[in-house]
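Novice: Structure provided below as structure tokens; questions to follow.
Just so you know, all these numbers are worked out from the coordinates, no wet-lab data involved. Nothing here was measured: the structure is a model prediction, and the numbers come from that model. In this analysis, Cβ positions are derived from the backbone assuming ideal geometry, glycine residues included, and neighbour counts consider all displayed protein chains.
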Amino acid sequence: MNEAQLDLRGARILLVDDQPANLDVLCALLEAEGYEISLAPGGELALKIAARAEAPPDLILLDVMMPGLDGYEVCRRLKADERTRSIPVIFITARDLTEGVLEGFRAGGLDYIAKPFRDQEVLVRVQTHLRLSRLARELAARNAELEGEIAQRKRLRGQLSMISQREAERWGLEGWSARARPSKRASARSA
């Protein structure tokens, strides 16, 4: 699938921020691009929404400074849970200190956007990480298909080998092919 065919409309994004104004701005921006948005004003609710089996988010935009669970702890818990481990997390925060950025990466975040953010920066980063995530899932699915096919071929090869061995025994030819060696003339012609 080439990039032009990758339609991201309808991708589910979870916005997590304790400031309603930030949620409103981000929600309007991303809904205008065709994304499905879920909102969480805090970390506990974000974890519950992310773990929903029927509709987990494709990406999470996560504020760092929140009462209760901060964004770093929310991200660590997301990455520790098998159900939410693969969801990309982008931190959005006013803490633009190098140590804060590093802490976000250590917690499992993939990117960091500083407040006040620019609309185009948010859109490009969201689109980039959604594409990368979708392509990674497709690659993993194709690899699983190939592994299944390889395993099936190995089983078939084993079955064919057993059938060949039984037929050789039936016809009294067991070991015959191993004893036959190409003549020197045949070897010279093929070289």
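Novice: In a Gaussian network model over the chain where Cα atoms closer than 10 Å are linked, find which of E145, E167, E31 has the largest mean-square fluctuation.
Specialist: Judging by the Gaussian network model, the answer is E167.
Novice: Could you point to the residue in L132, L102, A40 farthest towards the positive end of the chain's charge dipole, with +1 and -1 charges on the Cβ of Lys/Arg and Asp/Glu respectively?
Specialist: L132
Novice: Can you list the aspartates and glutamates whose alpha carbon sits under 18 Å from that of K154, skipping same-chain ones fewer than 8 residues off?
Specialist: E145
Novice: Another question, if that's okay. Exposed loop sites here are trypsin sites (Lys or Arg not before Pro) in DSSP loop states with at most 11 other C-beta atoms within 10 Å. What is the longest stretch of the chain lacking them? Present the calculation step by step, with values, prior to reporting the outcome.
Specialist: Values: sites that count: R9, R85, R118.
By the stated rule (loop sites, at most 11 other Cβ atoms within 10 Å), 10-84.
Novice: Between E138 and L45, 0.36 nm times their residue separation minus their Cα-Cα distance comes to what? Provide the component values of the computation, followed by the final result.
Specialist: Values: separation 93, 0.36 × 93 = 33.48 nm, distance 2.90 nm.
Working it through step by step, the gained length comes to 30.6 nm.
Novice: Tell me, in nm to one decimal, what length is gained between K79 and K154 on full extension, where the rule is 0.36 nm per residue of separation less the Cα-Cα distance? Before the final figure, lay out the partial values.
Specialist: Working: separation 75, 0.36 × 75 = 27.00 nm, distance 3.54 nm.
The span from K79 to K154 would gain 23.5 nm if fully extended.
Novice: Related question: Run the numbers on the chain and let me know its relative contact order in percent, using alpha-carbon pairs under 8 Å that are six or more apart. The partial results should precede the final answer.
Specialist: Numbers: 210 pairs, mean separation 30.0, N = 191.
Dividing the mean separation by the residue count of the chain yields 16 percent.
Novice: Please name whichever of L156, L14, I113 sits farthest to the positive end of the charge dipole of the chain, dipole taken about the Cα centre and charges placed at Cβ: Lys and Arg +1, Asp and Glu -1.
Specialist: Of the options given, the answer is L156.
Novice: If one computes the Cα centroid of the stretch 138-165 and of the stretch 58-79, what distance in Å separates the two points?
Specialist: Using only Cα atoms, the two centres lie 42 Å from each other.
Novice: Which label marks the calculated value of mean projected area of the Cα convex hull in nm², given the options (1) 19.3; (2) 12.6; (3) 12.0?
Specialist: Correct label, based on the coordinates given: (1).
Novice: Still on this model: Give, rounded to the nearest 20 debye, the magnitude of the charge dipole that the stretch 9-140 has about its Cα centre when Lys and Arg contribute +1 at Cβ and Asp and Glu contribute -1 at Cβ. Display every interim value, and only then the final one.
Specialist: Details: 17 positive and 21 negative charges, 95 e Å.
Charge dipole, the stretch 9-140, about its Cα centre: 460 debye, nearest 20.
Novice: A follow-up question, please. Subtract the Cα-Cα distance of V124 and A168 from 0.36 nm times their separation in residues, and report this length gain in nm to one decimal. Walk me through the intermediate numbers first.
Specialist: Values: separation 44, 0.36 × 44 = 15.84 nm, distance 6.47 nm.
My answer for the length gained is 9.4 nm.
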